[in-house]
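Remarks on the structure that follows.
The values are calculated or read from the model by the stated rules, or taken from the named source; none is laboratory data. Just so it is clear, the structure is predicted and the values come from calculations on it, not from any experiment. Note that each Cβ is placed from the backbone with ideal geometry, even for glycine, and that neighbours are counted across all protein chains shown.
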Amino acid sequence: MNSTATQDRVLNDAQVAELAQQLRVDAVRAAAAAGSGHPTSSMSAAELIAVLLTRHLRYDFDEPGEPANDHLIFSKGHASPLLYAAYVAVGAVTEEELLTTYRKFGSRLEGHPTPKLPWVDVATGSLGQGLPIGVGVALTGKRLDRLPYRTWVLCGDSELAEGSVWEAMEMAGAEGLDHLTAILDINRLGQRGPTRHAWDLDAYARRIRAFGWHTVEIDGHDVAAVDQAMAEAEATSGRPTAIIARTRKGRGVAEVEDKEGFHGKPLPHPDEAVSELGGIRHLRIHVRPPEPAGRPRLGGDPAAPLPRYTLGDQVATRDAFGAALAVLGTRREDVVVLDGEVGDSTRAQMFAKEHRDRYIECYIAEQQLIATAVGVGVRGRLPFASTFAAFLTRAHDFLRMAAISRSDLKVVGSHSGVSIGEDGPSQMALEDLAMMRALHGSTVLYPCDANQTAKLIAGMAGREGIGYLRTTRGETPVIYGPDEEFPVGGCKVLRSSPDDQVTLIGAGVTLHEALAAADQLIADGTRARVIDLYSVKPVDTQTLRAAAGTTGRFVTVEDHHPEGGLADAVLESFGNGHPMPLLTRLAVHTMPGSATPAQQMHAAGINADAIAAAARKLVNTKLPALGG
């Protein structure tokens, strides 16, 4: 069959089935042209997407930023041939672009969807993320936007083994997100063989219903059944709906249908497969747009003053974070704060007291915490997600994918390092700086006092991309005045003279130890420059190179493991023809236990005494002759 048609009315079941076949054919053709891809995973969900496009999705493809648009998230992002074939069917992408650029260098039709395409909200492909992010989008619609758009998430059955999916199920059920529909493509086969529950739809349904969802079990290739299930989802109030669809991988092509060994590969004989599917079609459909909604007016009071702290006071940076965040919420009505059930400790709860309607409790589910924040960001708000820094490691993959999604996301981790004291190593973030520095395009900040913290919170809010701010549990002295400025990418030189013999570099809690060490060294007649490297990424390369040129010797000190933290950030300013200073790296090299903060710092070798000892040794080391 070779046909061309344009939809100007609601398609009947037979016509929708024809569209499904077209989606299969185009998925097969795209993967064949690219020489790679996942056509069989796309073919199983063709009717599900065909029915959604023609009868239930409300979306204006000419205005992807329309606030009332529904959201369609392909959690099974490897089924990108199906998504791109759908974009061809609605006229958003040309057939030529699909067949000549899919998976090619420079193409916006990547192997897994990303927001290079204006109709894609978030990058997917790391399984188990689409539904958690969909929860964030749907929750924003219910609580903040108060708009009737629906969020549709296509999930594969293999990813239902991911714990993040069940964090999402729990939150969606508890929040009663009745405008969220999970479409579960239960095609029985994963990458290497059958999935855990194969086609036991009731096994999935029992588990999902336990989280407060409405479930519908259907034949996913029956157009009428799919249509009825989606209508039932739209009519269900107070609960999200999961459409559990029994499908067949590679549907319609006998050579691959429900057969193992064809995952992630073009079909062996694509021309024959296209013929078996009824040939190439050129159906073009019109997706019904929503009733336009006005964009929410999010204002605020930009002149609201940040908290001010007095020199010499003892204030924990986590306390300053909470107070500054509450003010930021007054300055900007787009700020939304998300907590991992530790807001009393991180001090994020201060925001809740002022702006309860923009405070989202995600409980102890760090993957869902970051996913919800990403979903909030999809809707044009500025999310701040906070928890203990140590537990952000659980959500690292969500942060990694958020970077691919170009998310504007701010993260704050408290209770970092051995300086938290007696709680012991399970609560100590000693990897977080490395983890957050490794994210593409990220900003990493580590304030040492209260006034600096307040200014950096405001500065981070104005910087696009993923931002991370590390706070300290214990009180530290206020050493900067409230009018001091701290530009991102800068640092502060707190002690300096032309006769400096060594440079001490710290941040956060270790900056105070470096200052104390400099006082010890002065008593010995040794002059030390002290740098507060509050911006760990990006670093102030110019200042660091100037210090290296004067002193030739660096002691870096960090409440963090030696890998990937402060010292590595410093060293990245050198090389490529710039002379490297002699460097002693003080960090937490051993596994800490329970002890007081002072004992922890001493045992780790990152207190003032250890810094001063390292500096003395370094000063007594002859500098190498530098070539010119």
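Residue selection: Ala254 fails the criterion of being surrounded by 15 or more Cβ atoms within 10 Å (Cβ to Cβ) and of a type in the set (A, V, I, L, M).
Taking strands (runs of 3 or more DSSP E) that do not extend beyond region 527-601, which have at least 2 residues that are under 32 Å from the mean Cα position of the chain (by Cα) and over 23 Å from Ala613 (Cα atoms)?
Details: elements: 528-532, 535-537, 553-557, 582-586.
In region 527-601, the matching strands (runs of 3 or more DSSP E) lie at 535-537.
Among residues that are under 30 Å from the mean Cα position of the chain (by Cα), in a loop (DSSP other than H, G, I, E, B) and either in contact (Cβ under 8 Å) with a residue 60 or more places away in the chain or on the phi > 0 side of the Ramachandran plot (or both), Arg239 is included. For a quick check of your reading of the model, give me the residue pairs whose first member lies in region 184-208 and is surrounded by 13 or more Cβ atoms within 10 Å (Cβ to Cβ), whose second is among the small types (Gly, Ala, Ser) and in a loop (DSSP other than H, G, I, E, B), with beta-carbon atoms closer than 6 Å and at least 6 apart or on different chains. That search, which allows pairs on different chains as well, returns Asp185/Ser44; Asp185/Ala45; Asn187/Ser44; Arg188/Ala198. Assess whether Leu439 counts as being outside any strand (DSSP E or B), crowded, with 24+ Cβ neighbours inside 10 Å, in contact (Cβ under 8 Å) with a residue 24 or more places away in the chain and not assigned by TED's automatic domain parsing to the domain that holds Ala168. No. Just a yes or no: is a residue in region 201-212 more than 32 Å from the chain's Cα centre (by Cα) and either of a type in the set (A, V, I, L, M, F, W, C) or assigned to a loop (DSSP other than H, G, I, E, B) (or both)? No, the conditions are met nowhere in region 201-212. The residues of region 310-330 that are surrounded by fewer than 19 Cβ atoms within 10 Å (Cβ to Cβ) and either without any contact (Cβ under 8 Å) to a residue 40 or more places away in the chain or among the hydroxyl-bearing types (Ser, Thr, Tyr) (or both), listed by number, are Thr310, Thr330. Filtering region 172-201 to residues that are of a type in the set (Lys, Arg) and modelled with pLDDT of 95 or more leaves Arg188, Arg196. Tallying residues that are assigned to a loop (DSSP other than H, G, I, E, B), over 30 Å from Asn620 (Cβ atoms) and either without any contact (Cβ under 8 Å) to a residue 12 or more places away in the chain or β-branched (Val, Ile, Thr) (or both) within region 462-502 yields 7.
Here is a check on your reading of the model: is Pro447 touching a helix residue (DSSP H, G or I) at 6+ places or on another chain (Cβ under 9 Å) and assigned by TED's automatic domain parsing to the domain that holds Gly421? Write out each step before concluding.
Numbers: touching a helix residue (DSSP H, G or I) at 6+ places or on another chain (Cβ under 9 Å): yes; assigned by TED's automatic domain parsing to the domain that holds Gly421: yes.
Criteria met by Pro447.
Within region 209-236, residues that are at positive phi have Cβ atoms under 8 Å from residues that are surrounded by fewer than 19 Cβ atoms within 10 Å (Cβ to Cβ) and of a type in the set (A, V, I, L, M) in these pairs: Gly212/Ala174, counting only partners at least 6 apart in sequence or on another chain. Which one of these does Arg297 not meet: (1) surrounded by fewer than 20 Cβ atoms within 10 Å (Cβ to Cβ); (2) basic (Lys, Arg); (3) touching a residue at least 40 places away in the same chain (Cβ under 8 Å)? Unmet condition: (3). All of (1) under 26 Å from Trp119 (Cβ atoms); (2) surrounded by fewer than 23 Cβ atoms within 10 Å (Cβ to Cβ) hold for Ala373 with one exception: (2).
Scanning region 126-172 for residues that are touching a Gly at 6+ places or on another chain (Cβ under 7 Å), over 25 Å from His38 (Cβ atoms) and either free of Cβ contacts under 8 Å to residues at least 60 places away in the same chain or surrounded by fewer than 24 Cβ atoms within 10 Å (Cβ to Cβ) (or both) yields a count of 2. When restricted to residues that are in contact with a Ser or Thr (Cβ under 9 Å, 6 or more places away or on another chain) and of a type outside the set (S, T, N, Q), region 169-183 contains 7.
The set of residues in region 233-243 being charged (D, E, K, R) and either surrounded by 16 or more Cβ atoms within 10 Å (Cβ to Cβ) or not assigned by TED's automatic domain parsing to the domain that holds Leu201 (or both) consists of Arg239 alone. Only one of the listed residues (Ala461, Ala528) is in the same structural domain as Ser405 (by TED's automatic domain parsing) and touching a Leu at 6+ places or on another chain (Cβ under 9 Å). That residue is Ala461. Could you list, in sequence order, all residues of region 503-518 that are part of a helix (DSSP H, G or I) and either free of Cβ contacts under 8 Å to residues at least 60 places away in the same chain or surrounded by 21 or more Cβ atoms within 10 Å (Cβ to Cβ) (or both)? Hits for region 503-518 are Val509, Thr510, Leu511, Glu513, Ala514, Leu515, Ala517, Ala518.
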